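The values are calculated or read from the model by the stated rules, or taken from the named source; none is laboratory data. Bear in mind the structure is a predicted one, so any value in this text is a computation, not a measurement. Cβ atoms come from the backbone with ideal geometry, glycine included; neighbour counts cover every protein chain shown. Side chains included, ligands, DNA and RNA excluded: accessible areas come from the protein's heavy atoms. Shrake-Rupley method; radii C 1.70, N 1.55, O 1.52, S 1.80 Å.
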Amino acid sequence: MRQVDNLKDKGIAVIVPDKKTEAFLNRPATAGSVARLCRDGILPSVDYLRAAALFRNDEKWRRLCRRAAAVLGELSLIAGLLLFCLNHSAFFTTTKALYVLFAVFAACGCANGIRPQTAGSVVLGASVFLTDFVFATGTPLCAELFLWASLQILWDARVKRFYPSFGVLNAAFAACAVQAPAAVSVLFFIGWIAADAALIFIHYLCVKRGKK
């Protein structure tokens, strides 16, 4: 303010904005701020398109198009795999199907990224259920889910992110509560809560160490 007073004493015109205008001017310029200027009547409407074009982000649209194309490609791949499985359902009643799943799982383990990690989780669950289907072990659903959850925790420890493990583990406890209601007791729910708490704590430690 002292510098402004000095300029006024020298006869230099100085515009001192209020706090609202000053805060507005201090914010980074964006396409949204251009629209607000036009609504407030500060920017003429005939100059709006030209001003907004200065903030056009072509890279954002390229990135969005690439992401959409990747999602469509992945959905097409999943649809193709489902159609293949339906047309060759007899193959999945043999032990050869297990060998194929193990090979796919090994390939997922050699790759990095969220897609191989997710595919490995799906293959892991499919292997557990297919083993019961091929060998007709008659294992209850809750036991298969608990086995999948145990293997999933080991698989997620590879990337130190336990979100799929949390979902499978809770599905296993829920299936156990439905299939064996006689076993549901206070201790059952205490064990359920303790298992979730332990998994969340492990996830928190892994994330905290990863940030260091």
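Here are PHE135, PHE102: which of them is touching a residue at least 24 places away in the same chain (Cβ under 8 Å) and either surrounded by 14 or more Cβ atoms within 10 Å (Cβ to Cβ) or among the hydrophobic types (A, V, I, L, M, F, W, C) (or both)?
Selected residue: PHE102, the only one of PHE135, PHE102 that is touching a residue at least 24 places away in the same chain (Cβ under 8 Å) and either surrounded by 14 or more Cβ atoms within 10 Å (Cβ to Cβ) or among the hydrophobic types (A, V, I, L, M, F, W, C) (or both).
All but one of (1) touching a Cys at 6+ places or on another chain (Cβ under 7 Å); (2) closer than 24 Å to SER165 by Cα hold for THR118, so report the exception by its number.
(1)
Looking at the stretch 83-123 only, could you name the residues that are hydroxyl-bearing (Ser, Thr, Tyr) and under 27 Å from the mean Cα position of the chain (by Cα)? If you could, list the steps in order and put the result at the bottom.
Step one: filter the stretch 83-123 for residues hydroxyl-bearing (Ser, Thr, Tyr), giving 89, 93-95, 99, 118, 121.
THR118, SER121 - these are the residues of the stretch 83-123 that are hydroxyl-bearing (Ser, Thr, Tyr) and under 27 Å from the mean Cα position of the chain (by Cα).
Would you tally the residues in the stretch 164-197 being in a helix (DSSP H, G or I) and surrounded by 12 or more Cβ atoms within 10 Å (Cβ to Cβ)? Spell out the reasoning first.
Looking only at the stretch 164-197, we keep the residues that are in a helix (DSSP H, G or I), and these are 164-179, 181-183, 186-197.
After this cut, where a residue has to be surrounded by 12 or more Cβ atoms within 10 Å (Cβ to Cβ) as well, the list is 164-177, 179, 188-189, 191-192, 195-196.
Adding up the residues that qualify gives 21.
Conditions: (1) modelled with pLDDT of 90 or more; (2) over 28 Å from VAL71 (Cβ atoms). LEU124 meets all but one. Number of the miss?
Here LEU124 meets the rest and fails (2).
I need the full set of residues from the stretch 84-98 which are modelled with pLDDT under 85 and open to solvent by 60 Å² or more (accessible area, probe 1.4 Å), in order please.
The answer is PHE84, LEU86, ASN87, HIS88, SER89, ALA90, PHE91, THR93.
Are any of the residues in the stretch 44-64 touching an Asp or Glu at 6+ places or on another chain (Cβ under 9 Å) and either outside any helix (DSSP H, G or I) or modelled with pLDDT of 70 or more (or both)?
no
For the stretch 114-132, which positions are touching a Leu at 6+ places or on another chain (Cβ under 9 Å) and of a type in the set (A, V, I, L, M)?
Across the stretch 114-132, the qualifying residues are VAL123, LEU124, ALA126, VAL128, LEU130.
Looking only at the stretch 140-150, decide whether some residue is among the charged types (D, E, K, R), in a helix (DSSP H, G or I) and loosely packed, with under 13 Cβ neighbours inside 10 Å.
No; the residues of the stretch 140-150 include none that is among the charged types (D, E, K, R), in a helix (DSSP H, G or I) and loosely packed, with under 13 Cβ neighbours inside 10 Å.
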